[in-house]
1. What do you reckon, how do E49, E130, E170, E183 stack up by accessible area (1.4 Å probe), largest on top?
2. In what order, largest first, do W87, W107 sit by accessible area if the probe radius is 1.4 Å?
3. Quote the convex hull volume per residue of the chain, based on C-alpha atoms, as a whole number of Å³.
4. Could you calculate the FRET efficiency of Q123 with V143 from 1/(1 + (r/R0)^6), where r is the beta carbon distance between them and R0 is 22 Å, rounded to 0.05?
5. With charges only on Cβ, +1 for K and R and -1 for D and E, what is the dipole size of the chain about its Cα centre, in debye, rounded to 20?
6. Using a simple charge model, +1 on the beta-carbon of Lys and Arg, -1 on the beta-carbon of Asp and Glu, nothing else, what dipole does the range 123-168 show about its Cα centre, in debye to the nearest 20?
7. Helix-only mean residue ellipticity at 222 nm, the chain, DSSP H runs n ≥ 4 weighted -39,500 (n - 2.57), per residue, nearest 500. What is it?
8. Any idea how far apart E106 and S34 come out in nm if each label point goes 7 Å out from Cα toward Cβ?
Amino acid sequence: MTTLGENLKKIRKAKKMTQKELAQKSGVKQSVISDLETGNAKSTGSILELANALGITAEELKKGIFDENESSNVISIKAHMAPVLSWVQAGTFTNVASVDISQVEEWLPLPEECTNCFYLKVQGISNQPEFLEGDYILVDPDVYYNDMLSGDMIVVRRGEDATFKKLVIETDGTKYLQALNPEFKPNIIPIDEQCSFVGQVVDCIRYIYKAKRRSKKV
């Protein structure tokens, strides 16, 4: 059974990436990557960033995606995936790397232009009809709050709760959050010192029908 470092090195080479290139794409220091590959790393806290940069999941990187019974050197790289976080996790969010991946139960495909994005499953009716309960919103935490424009949908943490609403910026510079559903109360949430910006909503997935997968007969 291969080690994490061996998996990392094989996948990196299969992707034709140097340690320096992987470091630039992932944001992980080259020295950390080198220590991981040689087995000298004291921590494996950068797995998610490295997996995202390589286009695989963290679980695939940890377990290895090579068939040891195959003699071929061809590696199968799966689609880039992102975790579906709970609103509780979003309420304590600092960055994707801080999330306990073992607690993530669902993953969805991630657009190529996103690196550290994650999904949240819409709850409630506050932003209907644009966003329905059960939709998956894609959140980009790497954008800057000061770059947000009036009308952008953003996720904020207020105390221990997380929510997503439309950002409204008045002509005098006053900022507040507003629910898209005019019947939802409270419709307006002030942005104060209790609010922390989590990220911008950049996409939404809606499944018309999605069945729960069950085990196949043997």
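The values are calculated or read from the model by the stated rules, or taken from the named source; none is laboratory data. None of the values given here were measured: they were computed from a predicted structure. Every residue, glycine as well, gets a Cβ built from its backbone with ideal geometry; the counts of neighbours run over all protein chains shown. Ligands, DNA and RNA are stripped out before the accessible areas are found, and what is left, the full protein with its side chains, is counted by its heavy atoms. Shrake-Rupley method; radii C 1.70, N 1.55, O 1.52, S 1.80 Å.
1. E183, E130, E170, E49
2. Result of the area sort, largest leading: W107, W87.
3. Value for the chain: 162 Å³ per residue.
4. The computed FRET efficiency comes out at 0.45.
5. That gives the chain a dipole magnitude of about 940 debye.
6. The dipole magnitude comes to about 200 debye.
7. Roughly -5500 deg cm²/dmol at 222 nm, from the helical runs in the chain.
8. 4.3 nm
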